[in-house]
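Quick notes on the structure that follows.
Bear in mind these aren't lab numbers, they're just calculated from the coordinates by the rules spelled out. None of these values were measured; they are calculated from a predicted model. Here the Cβ is made from the backbone with ideal geometry for all residues, glycine too, and neighbour counts use every protein chain on show.
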Amino acid sequence: MSTNYDQIMVFGEVLFDVFPDGSRVMGGAPFNVACHLRGFGLDPLFISRIGRDDPGREVVRQMHSRSLSVSGLEMDDHKMTGQVRVTIDNNEPAYEILPDTAYDHIQLHGGDLKESKGHTLLYHGTLAARNRVSAAALYRLARQDNTSVFCDVNLRDPWWEKELIRDILGWCTYLKVNEDEFRQVASLEGVDLSAGLERAAQELRRKRNLKCLIVTLGSKGAMLFPEDMEHIFAASPGVSAFQDSVGAGDAFSSVFMLGIIRSWSWRRILDQAVYFAARICENKGAVPEDRDFYKQAGLAREQDSG
């Protein structure tokens, strides 16, 4: 397995979780993924849109501090930076994703967003495509020639539509879903789920000609269904000092992309991805502040392919 990419693009939301006490934590799956890829020593282009407000200025500061390029970051004079309101009821968090924020209006008007002449690896989720403006930008990027697409599906009601999922399946190269999302996507495609997850996953992969279907299983681990071999499974390694599981899926996605870029074997990609996801569970929050975290995980340096 070998693909040389001239450009890595990460498309989608950057937002803040705002808690009842007024504190806020920056995140958004695409932003988390871009930070991890930079931590591994890669140079992704993060494509998003922020408001001209204090949270937006904080995004710029954070990107500069992590040496992430801001050339794909658009500024909006009218819409605020993305926000999720977090409420706590009986010690259980509930999340309200605010509509019509800056990342819903990504327009790709930047001079550095010219169509790549080389091979591009594009990461995206589904939340940033809930609005027709950002959806149009995503469709333009995903349908470029010489573009391979990694999609991390996130079916948050009411922010997705069946037509979007079918379009994504049409352009997707690598598709990542959890168990519940797999069942929903497979049902949309008319896949028979009665034969069990493994056979249904193989059917979906073949039906949509995916290079690899990834099914994450939470604390149990994950499975890969590549085009050129039988499925493989890796159990999640133990977590010695659990903090939280925020961003574990984004960590997995980042290492999967890293492995594709470095031409690792499928087995190595899966083992490293579940390992790093578990390490993130030992970190408070989705993205470590300590840049040495990546070196300690053994992923921030070039390694032999295998």
*Starting from the eigenvalues of the Cα gyration tensor, five times each then square-rooted, give me the equivalent ellipsoid semi-axes of the stretch 178-280, largest first, whole Å.*
24, 16, 11
_Placed amide H near Leu15: partners under 5 Å, 5+ positions off or other chain_ = Gly27, Gly28
_Just to be sure I understand: of the beta bridges DSSP finds with both ends in the chain, what percent are antiparallel, rounded to 5?_
40
*asked:* Could you give the length gained by full extension between Glu179 and Phe242, i.e. 0.36 nm per residue of separation minus their alpha carbon distance, to one decimal place?
replied: 20.4 nm
*Across the stretch 250-256, in residue order, what do the Karplus-derived ³J(HN,Hα) couplings come to in whole Hz, using 6.51 cos²θ - 1.76 cosθ + 1.60 with θ = phi - 60° and x for Gly and Pro?*
5, 4, 4, 4, 5, 6, 4
_Value of [θ]222 nm, deg cm²/dmol, for the chain, DSSP H segments ≥ 4, -39500 (n - 2.57) each, nearest 500_ = -10000 deg cm²/dmol
_Ratio of the Cα radius of gyration of the stretch 1-51 to 2.2 N^0.38 Å, where N counts its residues_ = 1.42
*Kindly flag which residue pairs out of Lys220/Lys295; Lys79/Lys295; Lys207/Lys284; Lys79/Lys176 have an alpha-carbon separation exceeding 32 Å in this structure.*
Lys79/Lys295; Lys207/Lys284
*Placing +1 at every Lys and Arg Cβ and -1 at every Asp and Glu Cβ, with all other atoms neutral, what dipole size does the stretch 157-306 have around its Cα centre, in debye to the nearest 20?*
340
*Rounded, prolate or oblate: pick one for the stretch 88-245, where a ≥ b ≥ c are the square roots of the eigenvalues of its C-alpha gyration tensor, a/c under 1.5 means rounded, and failing that, prolate if a/b is larger than b/c, else oblate.*
oblate
*Which whole-number value in Å³ per residue fits the convex hull of the alpha carbons of the chain?*
135
*Tell me, what HN-Hα J-couplings in whole Hz come from the Karplus equation 6.51 cos²θ - 1.76 cosθ + 1.60 at θ = phi - 60° for each residue of the stretch 50-56, using x for Gly and Pro?*
10, x, 8, 9, 4, x, x
